[in-house]
Amino acid sequence: MHHDVSFLDDLAVEGEVSTSPGTLESHAADWGTPDGEGVAPDAVVYPESTADVSSVLAAATDRGVPVTPYAAGTGLEGNAVPVEAGISMDLTRMDSILDVRPGDFQMDVQPGVMGSAVDERAGVEGLWFPPLPSSGDISTVGGMIATDAGGMGTVKYGEVKDWLVRLEVVLADGTVVDSGTRAIKSSAGYNLTELVAGSEGTLGVVTEATLELDGRPRQIRGGRAVFPDLDHATAAVTDAVQSGVDVAKIELVDETSARMANAYAGVDLPDAPTVFVEFHADHGVDEEVRYCREVFDAHDPLRFEVAADGEGMADLWQARRDLAFAIRSYDPNLTPLHPGDVTVPISEYGAMVRYAKDLADEYDVVMPCFGHAGDGNVHYSVLVDEDDPEAVATGEDVYRRIVERAIELGGTSTGEHGIGRGKREYLEAERGPGAVDAMKRIKDALDPTGTLNPGKIFDED
């Protein structure tokens, strides 16, 4: 369904409005949207201020034109891809770091700022933004807030929402709302900051965020432990978390993922399940490493290597960072269907990984498993020949069964990618009809005309 967006020509906005075919097509997809499945918007607006965002939203709502917020396009569930054309609101030009207050451990930024820029500027003050996700170098703060992103450090530092002090948000009718104060705590009314975080642009458009920062750890150690099989590796992860090992990152890479990383990056990961770990402390970090080694030793690791220098650390994590690209390029005849993102309680982590790998064996599909093991997050991709309908149907069934099993184990269909379009059918099974109805009521109260990012989160049925 296309919309008349000619009214944009009459709005007094600082930013640009584009209807060029190339620009429209570039906003019809994101990282996780297969070619040809996206819907091109009727116009792309590049606002340069909160006033621009407010003006466009108010005018669009008055005319019944949907608006889909967009940033770097690194989402994996079609979160920022239009389903009803209309306006794609590209926030990448609102990319300023507005203020840094090192004495308060805070930074004010616009939504288009890249995660790498946040960390670089914070680093000048000896600070950093701990919840930065693995894709932080190529994604924006606004996108991270929209999906309540997490990353490798979630096991120690939590998710992005845990480091938000306040937000400036524009509602569908153009109203500008400030969600909090610069104080680190407040009991004044509803917590609008956490309500907006993870709402995927369906409740409002974030135009400014105050981020909490932290001092950079003085001591960092990293390492990797190789295990004889996947069961030993997952048991070691669970034991480490349950034993209180103070680990900042703990990541699993299965043997399939290791082969893919080796082929892509030319690294030399063992063809065996590997657990990557990193430790942060201001003192006593080597004692924590020794404690982790003791815990891992109970699960028969083949070896445990530690790197202390900066170059060694970078090499250690490069293979893990490259996995998303490695999976896509592994076999030209196989295409990853969906980026799986289930998360379960840590006590069920081993069972979840084993279930996924057993399904892969049963259906004879290529499926790497990896992820933020310390918080129970399992990433997986089912690779199939997309020209073979039977193979695609089999892959879809494997994908669905893994999600359903995660929910049965008390987990979630999406740990950090959001619902978007790809996970809508699982929301009610996970949260229950009452909770979903409450969410819809909140959506209707803040966006009664359904202007903001329609077709996301809630199943159309």
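Would you please give the FRET efficiency between residue 124 and residue 459, computed as 1/(1 + (r/R0)^6) with r the Cβ-Cβ distance and R0 = 41 Å, to the nearest 0.05? Please list the in-between numbers first.
Details: r = 46 Å, r/R0 = 1.12.
E(calc), rounded to 0.05, equals 0.35.
If both residues of a DSSP beta bridge must be in the chain, then about 85% of such bridges are antiparallel. Extension gain for residue 441-residue 318 works out to 39.9 nm (0.36 nm per residue, less the C-alpha to C-alpha distance). For the chain, the longest principal axis of the alpha carbon atoms and the long axis of helix 255-265 meet at an angle near 70°. With the convex hull of the Cα atoms taken as the outline of segment 44-194, the averaged projected area works out to 9.4 nm². Cβ-Cβ distance of residue 282 and residue 178, R₀ of 30 Å, FRET efficiency by 1/(1 + (r/R0)^6): the value works out to about 0.30.
Applying a threshold of 21 Å to the alpha-carbon distances of 156/357; 249/456; 423/456 flags 156/357; 249/456 as lying beyond it.
A protection proxy built from the mean count of other Cβ atoms within 10 Å ranks the segments 358-365, 211-218, most packed first, as 211-218, 358-365.
Think of it as helices only: each DSSP H run of n ≥ 4 in the chain is worth -39500 (n - 2.57), and spread over all residues that comes to -10000 deg cm²/dmol at 222 nm. Between residue 12 and residue 242, the simple label model (points 7 Å from Cα in the Cβ direction) yields a spacing of 6.5 nm. Counting beta carbons within 10 Å around each of 224, 166 and listing the fewest first gives the order 166, 224. Placing a label point 7 Å from the Cα of residue 294 along the Cα-to-Cβ line, the residues of segment 238-255 whose backbone N sits under 16 Å from it are 239-247. Here the simple spin-label model places points 7 Å from the Cα toward Cβ, and for residue 265 and residue 362 these points are separated by 3.3 nm.
What is the projected area of the convex hull of the Cα atoms of the chain, averaged over all directions, in nm²? Write down the numbers at each step before the final one.
On the way: hull surface 87.1 nm².
With the hull built on Cα positions only, its mean projection is 21.8 nm².
For segment 331-408, the fraction of C-alpha pairs farther apart than 20 angstrom is 26 percent.
Find out how many positive minus negative residues lie around residue 163, taking Lys and Arg as positive, Asp and Glu as negative, among other residues whose Cβ is under 9 Å from that of residue 163. Walk me through the numbers on the way to the answer.
Working: positive: 161; negative: 159, 162, 212, 214.
Net local charge, residue 163 excluded: -3.
Its Cα centre serving as origin, segment 358-446 has a Cβ charge dipole (Lys and Arg +1, Asp and Glu -1) of approximately 840 debye. Between the amide H of residue 378 and those of 342, 343, 344, distances stay under 5 Å, these residues lying 5 or more places away or on another chain, with hydrogens modeled in the peptide plane. Over all other residues within a Cβ to Cβ distance under 15 Å of residue 2, the charged ones net out to -3, with Lys and Arg as +1 and Asp and Glu as -1.
Geometric descriptor of segment 6-90, per residue, is 84 Å³ (volume of the convex hull of the Cα atoms). Cα axis of helix 389-408 to longest principal axis of the chain: angle in degrees, 0 to 90, nearest 10? The answer is roughly 80 degrees.
To the nearest 0.05, what FRET efficiency results for residue 333 and residue 37 with a Förster distance of 35 Å applied to their C-beta separation?
On the way: r = 20 Å, r/R0 = 0.58.
With R0 = 35 Å, the Cβ-Cβ based efficiency is 0.95.
The angle between the Cα long axis of helix 349-363 and the main principal axis of the chain comes to about 90°, on a 0 to 90 degree scale.
Using 0.36 nm per residue, how much length does the chain from residue 231 to residue 400 gain when fully extended, once their Cα-Cα distance is taken away? Before the final figure, lay out the partial values.
Working: separation 169, 0.36 × 169 = 60.84 nm, distance 2.27 nm.
Fully extending the segment from residue 231 to residue 400 adds 58.6 nm.
Where a number appears in this text, it was derived from the coordinates with a stated rule and is not lab data. This one's a predicted model, so the numbers in the text were calculated from it and none came from an experiment. Counting neighbours? That spans all protein chains shown, and the Cβs are built from the backbone with ideal geometry, glycine included.
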